[in-house]
Amino acid sequence: MRRRTFLALGATVGAVAGLAGYNSRSGESSPLVPHAPVGDERLERRDSATRGRLVDFYTAVPAGHGDGRGLPVCVVLHGASTTAADFPRLGLGRFLTDAVRRGAPPFVLAGATGDRLAWRPSGGDDPQRMVHEELPRWCAKRGFDISRMALLGWSMGGYGSLLLAEAYPGFARAVAAFSPAVRPGDDVFTAARQLRGVSIGLWCGRQDGLLNEVRALAKALPEPPATMRFEDGRHNFAYWSRCLPAGLDFVARALRH
């Protein structure tokens, strides 16, 4: 296995983390990002009919894999304090290249801005339908393989990823949820049976206020999580950046032919 080298992004990502609300009280205030090159990474604007507005559309291809044609897709759902426009600065393209260099089968990342609606419809604004209906079309136009898709998200985006997999059975092969903002009795718990057959990975920090809720979700799933890790960390990107290598490895395994 290749050795991983990580960068603490210091002032650059530290400033982004502060703007995004990722202020760690654990002393690990800077996200760790792999020292790996970015491949074909794009941030474009798309007209979303389901949201009734222009949205940011992000894609990343691992370095060395051209424009990503033919590769499967992991859709990234952001949390409440970030948008798809933050993904390049959070180093997602570098995490992706690092995963492939360590031996993961290649895939692409894609995501779009859902704002702070918890990935649920609000009036005529439906970010959930955007991810299910429009984002795959945008990916298909790029030549990505949308017959193989997975979901990954943190906090509100972890909740949204689980909710999306429940609402549209068969859409995603796997869900990697970091500190999902769930609670017993919410829609994710109520429809948990719809996750049968979906490979679920759960991560949450031991110092996160959501730890008990995530543990309860693991017990409520119709099948045990394929991966589950509870390690030291709080509800911030400093912790989630340490989860991403394992999360992307988990996604890569699920997206194999």
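Flag: ALA118 does not match the condition of being at pLDDT 95 or above, in contact with a Cys (Cβ under 6 Å, 6 or more places away or on another chain) and within 25 Å of ALA226 (Cβ to Cβ).
Where strands (runs of 3 or more DSSP E) sit wholly within region 100-200, those with at least 3 residues that are surrounded by fewer than 21 Cβ atoms within 10 Å (Cβ to Cβ) occupy 145-154. Using the structure shown, decide if TRP154 is in contact with a helix residue (DSSP H, G or I) (Cβ under 7 Å, 6 or more places away or on another chain) and farther than 18 Å from PRO169 by Cα. Yes; evaluated as a whole, the condition is true for this residue.
Filtered by the rule that a residue be open to solvent by 30 Å² or more (accessible area, probe 1.4 Å), in a strand (DSSP E or B) and at pLDDT 95 or above, region 23-55 gives GLU41, ARG42, LEU43, GLU44, ARG45, ARG46, ASP47, ARG53, LEU54. Among the acidic types (Asp, Glu) and at positive phi - does that describe any residue in region 55-77? No - not one qualifying residue is present in region 55-77. For THR59, the stated conditions do not hold, so it cannot be described as touching a residue at least 60 places away in the same chain (Cβ under 8 Å), over 17 Å from PRO136 (Cβ atoms) and either surrounded by 15 or more Cβ atoms within 10 Å (Cβ to Cβ) or of a type in the set (Asp, Glu) (or both).
The values are calculated or read from the model by the stated rules, or taken from the named source; none is laboratory data. Everything numeric here is computed off the predicted structure, so don't read it as measured data. Because the Cβ atoms are built from the backbone with ideal geometry, glycine has one as well, and the counts that use them run over all protein chains shown. Ligands, DNA and RNA are stripped out before the accessible areas are found, and what is left, the full protein with its side chains, is counted by its heavy atoms. Shrake-Rupley method; radii C 1.70, N 1.55, O 1.52, S 1.80 Å.
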